[in-house]
Amino acid sequence: MRARVYFSGGGPGDPGMLTLKGKRIIEEADIIIYADSLVPREVLKFARKDAVIYGSASMTLEQITDVIVNAVSQGRTVARLQSGDPSIYGAIAGQMRMLDARGIAYEIVPGVSSLLAAAALLRAELTVPGISQTVIITRLEGKTPVPRKEDIRELAKHQASMAVFLSAGMVEAVVAGLLEGGYPPGTPAAVVYRAGWPDEKVIRATVGTLVEAVRGNGITRQALILVGEFLNPDCRQLRSRLYSGEFGDG
């Protein structure tokens, strides 16, 4: 591997959910900068013994950039290990901009999102024929602003399958937006806490009981809220036309 930078998805937590390419990058990297507040250290068991490892939770963007620039100038390879998939709330745009300004090459390596891990735990298909063919990935406004047209009340009008990231600590506002947008109180919902970690937790609820489910379990962060009829167990009785006899090879 020539000296360059890899923004690599570390998956939701379980080292077994790393992609083969993601694992190889960890194995061969000289420098690893990983999101230590979100990526378990067990993922680093694949790293070389002489690899230099940084936890990015306490680092600024400038500090991270300095480490990368210094490493590349010495002909070393850097693995910037993000949680889940780097393209979903990975905060990589600023990092890429800094590297672009310095003419440093990099590659983005996809990872398994916590959304997919959560769906697997729930044994749910996000896109059920006749129920929902759209998945909305969103979050409430916190430190990061959300465009007004993407307010959860507006998104809820679609009645699509919805995944709400980074908002468990504001679950009351989530529920208020869902109800105002049109989801009936009885709409199936679920909260998945730290999918892929040893202490992962799955809590099923409805939109109407979601606040109680989240607060009652002491969940304030690192949890994904999922909402929609795709969570209804009856969906498993539906048959996709993909496997219907009317479809031929041509």
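With the condition kept exactly as written, say whether any residue in segment 21-35 is in a strand (DSSP E or B), at negative phi, in contact with a Lys or Arg (Cβ under 7 Å, 6 or more places away or on another chain) and outside the structural domain of PHE165 (by TED's automatic domain parsing).
Yes, the conditions are met somewhere in segment 21-35.
From GLU154, GLU200, grab the single residue that is in contact (Cβ under 8 Å) with a residue 60 or more places away in the chain, among the acidic types (Asp, Glu) and outside the structural domain of ASP85 (by TED's automatic domain parsing).
None of the others qualify; the one that does is GLU200.
Hey, MET98 hits all of (1) more than 14 Å from the chain's Cα centre (by Cα); (2) in contact (Cβ under 8 Å) with a residue 60 or more places away in the chain; (3) assigned by TED's automatic domain parsing to the domain that holds ILE25; (4) surrounded by 13 or more Cβ atoms within 10 Å (Cβ to Cβ) but one; which does it fall short on?
The one condition MET98 does not meet is (2).
Filter segment 157-211 down to residues that are charged (D, E, K, R) and not in a loop (DSSP other than H, G, I, E, B) and give me whichever is surrounded by the fewest Cβ atoms within 10 Å (Cβ to Cβ).
Filtering first and then ranking leaves GLU172.
The values are calculated or read from the model by the stated rules, or taken from the named source; none is laboratory data. Since the structure is predicted, the reported quantities are computational estimates derived from the model, not experimental observations. Glycine gets a Cβ as well: all are built from the backbone with ideal geometry, and neighbour counts include every protein chain shown.
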